Every structure is written in C-alpha cells, then in structure tokens.
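One structure below.
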Amino acid sequence: MNMEFIPARFVEQLSKMGIGMLVIFVVIGVIILTTLLINWLFSKK
C-alpha cells in the first residue's frame, strides 16, 4: 500500500469532500426538524 501524499489529488477530491459534508448537514437538519415537528404535534394539550 502506497501512502505518499500527492497535493494535486487532494485538491481534486475537495469537491467530493464538500458534497459529503453538505449531505451530513442536510441530514442533521432533517433530523432536527423532524424532532421539532414531532414535539410540536404531540405536546399540545
């Protein structure tokens, strides 16, 4: 296994890493919104 660091390949992969981070934030946002919606629906008396 070759473990050399090649800066050009790192720069090429930044867009994929950015998309991955965006997806993580979107999923966290959906979980938060779902939790808030469930709390709002079931907390009314």
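Can you give me the angle between helix 7-42 and the longest principal axis of the chain, using Cα atoms only, in degrees from 0 to 90, rounded to the nearest 10? Long axis of 7-42 versus the principal axis of the chain: about 10 degrees. Computed from the Cβ-Cβ distance with R0 of 35 Å, the FRET efficiency linking residue 36 to residue 11 stands at 0.35. Report in % the part of the accessible area of the chain that belongs to carbon and sulfur, leaving out ligands and nucleic acids; probe 1.4 Å. On the chain, the fraction of accessible area on carbon and sulfur atoms equals 76 percent. For the chain, would you read off the P(r) tail past 15 Å as a percentage of all alpha carbon pairs? That fraction is 65 percent. Sites listed here are chymotrypsin sites (Phe, Trp or Tyr not before Pro) in the chain whose DSSP assignment is loop and whose Cβ has at most 12 other Cβ atoms within 10 Å: 5.
The values are calculated or read from the model by the stated rules, or taken from the named source; none is laboratory data. None of the values given here were measured: they were computed from a predicted structure. When we count neighbours, we look across all protein chains shown, and the Cβ atoms used for this are built from the backbone with ideal geometry, even at glycine. These accessible areas exclude ligands, DNA and RNA; they are computed on the full protein's heavy atoms, side chains included. Shrake-Rupley method; radii C 1.70, N 1.55, O 1.52, S 1.80 Å.
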